[in-house]
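Okay, structure first, notes after.
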Amino acid sequence: GMSVGILGPTFQDLAVNVNRNISSLSLIFVGRASGFFCGSMIGGILFEYMNHVFLLGVSMLATTVGAYLIPFCKTAVLLIAVMSIFSVAFGILDTGGNVLILALWGDKGAPHMQALHFSFALGAFLAPLLAKLALGTTVSAENHTEPDLHPPALNQSPEAGPDPLFAAPDDLNLLWAYASVGAYTFVVSVFLFALFFKKPSKHGKSTASAQVSRRAKYHKALLCLLFMFFFFYVGAEVTYGSYVFSFATTHVGMEESEAAGLNSIFWGTFAACRGLAIFFATCLQPGTMIVLSNIGSLVSSLFLVLFHKNPLCLWIATSVYGASMATTFPSGISWLEQYTSINGKSAAFFVIGACLGDMAIPAVIGILQGQYPDLPVVLYTCLGSAIFTAVLFPVMYKLATWPLDHAGRKTEGVRTRKICFPSLS
């Protein structure tokens, strides 16, 4: 979570560090998501054959190296390349975490899945606080405001050809922000390696093989629909989380510290609701939680579009939007596991859908927001994604439950109860 969340509040500082403006550096999201995409595919294969804990430890160690290298990149191409390689490790980590939870607990793992994704949200919440509030703003806030950034970037690039590829950043706060994230991920990787050398786990393989027998009639169709669902959901989540800081400073006119607080309130309510969802998942079905999340996202994103110039409304709607987005991803995985078993390759497939949303939507929005600075393009994207996911989930639910009702008609004498009262899960 800290590795993903640190990009949003440091985006402007990274642009200054490589002498680019925000719009021209939006390809960094493509680089990050493409690396995440490759990591998810690689992870989906490797987790079928390698020890889960060892592979997670290697991924965390690679994440550490990437976090230390990013602030030293002095050209945009090198920064995007390092971010891509750094994201491969995170893609393996993300796929592996979901696969490990499903291998250990199967369709009973909804609270554990919520706990896993709560840890992501907590890190994303802490990242803006670390980057902007704890360490403060020095160089980027005082000497490199957005109006002053464009002329130097245009004038320096033809003259200063032999600039170094790697150098310490002028803003030491940028360096310390990424170094802090790298130090934390290194400590976690040490614990994972210690767990691996302590006792190799054979339980995961036996549990996973026991779950292969449960396969829905429309298994592939459900995976494709969940692929599309996560494409728009994750695209909207990452777009808002990454651009709300820049949007608040340039479009609404907030100070950087206030915009960092707005960024943190989004991830804060996101993290808080994921924490509460650990307990809600014990008494609510995953499908019910998805429906509630869709309603909250739809209402709050509409509120954001209608009152985007009002700072108070922006704070309230951002809080509700973050809370509404919180449980959708882990609930979607737990919901699908109730109807069909998910192995490493299946998990990698819908995680790839999330990667593509992470890659395509923020990159396109960065370009459009630069071309139409007076329009709240970020907010329009969130509203459009909320409408799409709210329409798509009933289709997924119908496709998942109809074969079960049909099968129950042939096998059970209690078929009436199944048909009349299908569980929303």
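The values are calculated or read from the model by the stated rules, or taken from the named source; none is laboratory data. This structure is a prediction, so every number in the text was calculated from the model and none was measured. Every residue, glycine as well, gets a Cβ built from its backbone with ideal geometry; the counts of neighbours run over all protein chains shown. Remember, those area values only see protein heavy atoms, side chains included, never the ligands or the DNA or RNA. Shrake-Rupley method; radii C 1.70, N 1.55, O 1.52, S 1.80 Å.
Does the range 313-379 come out rounded, prolate or oblate, given a ≥ b ≥ c as the square roots of the eigenvalues of its C-alpha gyration tensor, rounded meaning a/c under 1.5 and, failing that, prolate meaning a/b above b/c? Before the final figure, lay out the partial values.
Values: a/c = 5.31, a/b = 1.67, b/c = 3.19.
In terms of gyration-tensor shape, oblate.
Once both labels are positioned 7 Å from their Cα atoms along Cα-to-Cβ, the gap between LYS220 and ASP170 label points is 5.6 nm.
Under a Cβ-only charge scheme (Lys and Arg +1, Asp and Glu -1), can you give me the dipole magnitude of the range 217-404 about the Cα centre, in debye to the nearest 20? Don't jump to the answer; show the numbers that get you there.
On the way: 6 positive and 7 negative charges, 148 e Å.
With Lys and Arg at +1 and Asp and Glu at -1, about 720 debye.
Applied to the range 330-340, the Karplus parametrisation 6.51 cos²θ - 1.76 cosθ + 1.60 on θ = phi - 60° returns per-residue 3J(HN,Hα) values of x, 5, x, 5, 5, 5, 5, 5, 6, 10, 8 Hz, with x for Gly and Pro. A simple spin-label model places pseudo-atoms 7 Å from Cα toward Cβ; at VAL65 and LEU302 they are separated by 5.0 nm.
Once you have the Cα-Cα distance between PHE191 and GLU48, take 0.36 nm times their residue separation minus that, and quote the gain in nm to one decimal. Don't skip to the end; give the middle numbers.
Numbers: separation 143, 0.36 × 143 = 51.48 nm, distance 2.24 nm.
In short, 49.2 nm is gained.
For a paramagnetic label modelled on ASN21 (point 7 Å from Cα along Cα→Cβ), amide N atoms under 20 Å away belong, within the range 50-79, to 75-77.
Sort ASP94, ASP170, ASP358 by heavy-atom solvent-accessible area, probe 1.4 angstrom, most to least.
Working: ASP94 40, ASP170 120, ASP358 15 Å².
Largest accessible area first, the list is ASP170, ASP94, ASP358.
Which whole-number percentage describes the relative contact order of the range 217-404, with Cα contacts under 8 Å and a sequence gap of 6 or more?
About 41 percent, as a whole number.
Extending 7 Å from Cα along the Cβ direction at VAL395 and again at PHE279 yields two label points whose distance is 3.7 nm. Potential lengthening of the chain between ASP374 and LEU312 amounts to 20.4 nm, from the contour at 0.36 nm per residue minus the alpha-carbon distance. Listed values for the range 274-283 are Karplus-derived 3J(HN,Hα) couplings in whole Hz (6.51 cos²θ - 1.76 cosθ + 1.60, θ = phi - 60°), namely 5, x, 5, 5, 4, 7, 4, 5, 7, 10, and x replaces Gly and Pro.
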